[in-house]
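*Asks:* Structure in structure tokens, see below.
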Amino acid sequence: MSVSPVALDVSVGADTELAEQTGQRLTSQGRLDPAADYVLQFTPDVVQLAHPSGKENPLLVDFAAGAVDHRRKFGGGKGQDIAKAVGLNKGLTPRILDATAGLGRDAFALASLGCPVTMLERSPVVFALLADGLARAQGCPNVDVAAIACQMRVAYGSLLDGFTPDGAVDVVYLDPMFPERQKSALVKKDMRFFHSVVGEDPDADGLLDAALAIDCARVVVKRPSKAPLLANRQPSHQIVGKSIRYDIYVKRKLV
């Protein structure tokens, strides 16, 4: 799958340092294009990914509203499959490295349950959206959202590029991109943006190997329920839902 080029649009008063870093990273990857399919807009209030036509609402990271906030309030707490997969059902609050952070939704859900979370993202576009969304959440007037966000940090890079956590990690969490479903009604706008700009993860098998090399207690892989195993590697056990499956690779006991 080809990746759509991205242009930058920086307004006066925006976070120009983040915009400059993002532009440098995009240029190094060969995807900063003035005739782009998408524009990464840095405004004084928000960083967002938009269509140049303006026909669709821009994509941004907002941990204080929408589906993310609804999940925080009504998502099922430690009864969620994701919580069980990372070991929260044991009464622990493991330190999480979300090595495929994406838009940060699973990371925020885990942080809302008490886990310190490092979000690792290798797409410069998505990293810019995450960094902005996290900064706004940490300063949010909703004290509950701000407290959760203060348990999170975001880093740029990939396990495949030799990224090393700067602190102890109990669980490495992976949610690699899966090929986009062809039924357009099933693909939400944000995921269409995401697939177009980020592409897929053809190196997901290597990500699993790199995650297992980290000094941690377990690696958790989120997959569509009927998707093949990463690297054809059998997990220690699985948690299988209607549409999502968690493959858990246990290295040692969580403490």
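*Asks:* Here are some residues: LEU88, LEU129, LEU134. Which one is in contact with a Lys or Arg (Cβ under 8 Å, 6 or more places away or on another chain) and farther than 27 Å from LYS253 by Cα? Outline the logic, then answer.
*Replies:* Working: LEU88 fails: farther than 27 Å from LYS253 by Cα; LEU129 fails: in contact with a Lys or Arg (Cβ under 8 Å, 6 or more places away or on another chain).
Unique residue meeting the criteria: LEU134.
*Asks:* When you look at GLY66, is it at pLDDT below 90 and under 19 Å from ALA135 (Cβ atoms), yes or no?
*Replies:* Working: at pLDDT below 90: yes; under 19 Å from ALA135 (Cβ atoms): yes.
The answer is yes for GLY66.
*Asks:* Okay, moving on. Between residues in region 146-168 that are over 21 Å from GLN21 (Cα atoms) and at pLDDT 95 or above and residues that are of a type in the set (Gly, Ala, Ser) and open to solvent by 50 Å² or more (accessible area, probe 1.4 Å), which pairs lie under 9 Å by C-beta distance while being six or more apart or on different chains?
*Replies:* Close Cβ pairs (under 9 Å, with a partner that is of a type in the set (Gly, Ala, Ser) and open to solvent by 50 Å² or more (accessible area, probe 1.4 Å)) amount to ALA146/GLY139; ALA149/ALA135; ALA149/GLY139.
*Asks:* For region 173-189, how many residues meet the condition of being modelled with pLDDT under 70 and open to solvent by less than 30 Å² (accessible area, probe 1.4 Å)?
*Replies:* Filtering region 173-189 down to residues modelled with pLDDT under 70 leaves 178-189.
Now narrow it down to the ones that are open to solvent by less than 30 Å² (accessible area, probe 1.4 Å): 187.
Qualifying residue count, region 173-189: 1.
*Asks:* Name every residue in region 204-228 that is within 16 Å of ALA85 (Cβ to Cβ), aliphatic (A, V, I, L, M) and at pLDDT below 95, in order of residue number. Quick ask: steps written out before the conclusion?
*Replies:* Pass one, region 204-228, residues within 16 Å of ALA85 (Cβ to Cβ): 208, 211-212, 216-225, 227.
Filter once more, keeping what is aliphatic (A, V, I, L, M): 208, 211-212, 217, 219-221, 227.
The answer is ALA227, and nothing else.
*Asks:* Could you grab me the full set of residues in region 121-164 that are out of contact with any helix residue (DSSP H, G or I) (no Cβ under 7 Å at 6 or more places or on another chain), open to solvent by less than 30 Å² (accessible area, probe 1.4 Å) and in a loop (DSSP other than H, G, I, E, B)?
*Replies:* Residues satisfying the conditions are GLY157, SER158.
*Asks:* Check every one of the strands (runs of 3 or more DSSP E) wholly within region 9-120 and list those with 3 or more residues that are open to solvent by less than 40 Å² (accessible area, probe 1.4 Å) and within 21 Å of ALA149 (Cβ to Cβ). Spell out how you get there, then give the answer.
*Replies:* Numbers: elements: 38-42, 47-50, 96-98.
So the answer is 47-50, 96-98.
*Asks:* Could you check region 37-60 and list, in sequence order, the residues that are among the polar types (S, T, N, Q) and farther than 21 Å from GLN24 by Cα? Please lay out each step first, then the result.
*Replies:* Step one: list which residues in region 37-60 are among the polar types (S, T, N, Q), which gives 41, 43, 48, 53, 57.
Answer for region 37-60, where residues must be among the polar types (S, T, N, Q) and farther than 21 Å from GLN24 by Cα: SER53, ASN57.
*Asks:* So the check is Cβ under 8 Å with 6+ separation or different chains; which pairs have a first residue in region 29-43 that's aliphatic (A, V, I, L, M) and a second one that's open to solvent by 40 Å² or more (accessible area, probe 1.4 Å) and assigned to a strand (DSSP E or B)?
*Replies:* Every condition considered, the pairs that remain are LEU32/LEU8; VAL39/LEU8; VAL39/ASP9; LEU40/LEU8; LEU40/ASP9.
*Asks:* Could you check GLN138 against (1) in contact with a Cys (Cβ under 7 Å, 6 or more places away or on another chain); (2) at positive phi and say which number it fails?
*Replies:* (2)
The values are calculated or read from the model by the stated rules, or taken from the named source; none is laboratory data. Not measured: the values here are computed from a predicted model. Ideal geometry is used to build each Cβ from the backbone, glycine not excepted, and the neighbour counts take in all protein chains shown. Note: accessible area is taken over every heavy atom of the protein model, side chains too, but ligands, DNA and RNA are not part of it. Shrake-Rupley method; radii C 1.70, N 1.55, O 1.52, S 1.80 Å.
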